[in-house]
1. Name the residues whose placed amide hydrogens come within less than 5 Å of the amide hydrogen of residue 85, ignoring near sequence neighbours (fewer than 5 apart) on the same chain.
2. For region 28-155, would you read off the P(r) tail past 21 Å as a percentage of all alpha carbon pairs?
3. Which whole-number percent is the relative contact order of region 58-152 (Cα, under 8 Å, 6+ apart)?
4. How high is the FRET efficiency from residue 90 to residue 140, r the C-beta distance, R0 22 Å, rounded to 0.05?
5. Once Rh is set to the Kirkwood radius over Cα pairs, what Stokes-Einstein translational diffusion coefficient, in µm²/s, holds for region 39-82 at a temperature of 10 °C and a viscosity of 1.306 mPa s?
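Only the coordinates and a few stated rules stand behind these numbers; no lab work does. Everything quoted here is computed from the prediction, not taken from an experiment. Positions of Cβ are backbone-derived with ideal geometry, glycine not excepted, and every protein chain shown enters the neighbour counts.
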Amino acid sequence: MKQIQKVCTHSRNVEDSPIINILKQYGMAPEKLSEKILKVDIDPQASQQERWNLLELFPQADFGDSSEWIWRSRAGRMTGVSIPVRKYENEYFEAGDVVIVNDNYPHYAGEIQIVRIPIQNDGTRNLIGHLAPHEEEMLELIKDGDAVAFMRTKK
């Protein structure tokens, strides 16, 4: 029960989130927010900026423009930070991989994506990590517009 409570309890004040503050400037901040939490095994090569975009930039949300091959959140694009390209040797990203769009695709740089089916590595994404075991099932419960927070697994 303590583990369930830990996952269901917000560890931070959502009203203080960078994204909520940006949305407030445009009069678009939600009045009520409930986050769904996804656990991620972080790749050791992920940069500090990539980790920040994933773990500290909250909430993330899909606004209905995801597809059958990726879940995507635009939140990181709002910050305007640079995401340098990192080499990824594999030809494909696998289902459950958590990636961030890099500076090779500047209009989308910073966008967090979760791979649903294998997609080709075209050099526009950096690997941040992989959903923890059984978290792909949680991804099916997330609907358009749902607030999502990512939690690092302890490894």
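1. Amide H to amide H, under 5 Å and 5 or more residues apart or across chains, residue 85 pairs with 103.
2. 32
3. 35
4. For residue 90 and residue 140, the calculated efficiency is 0.35.
5. Here the translational diffusion coefficient equals 136 µm²/s.
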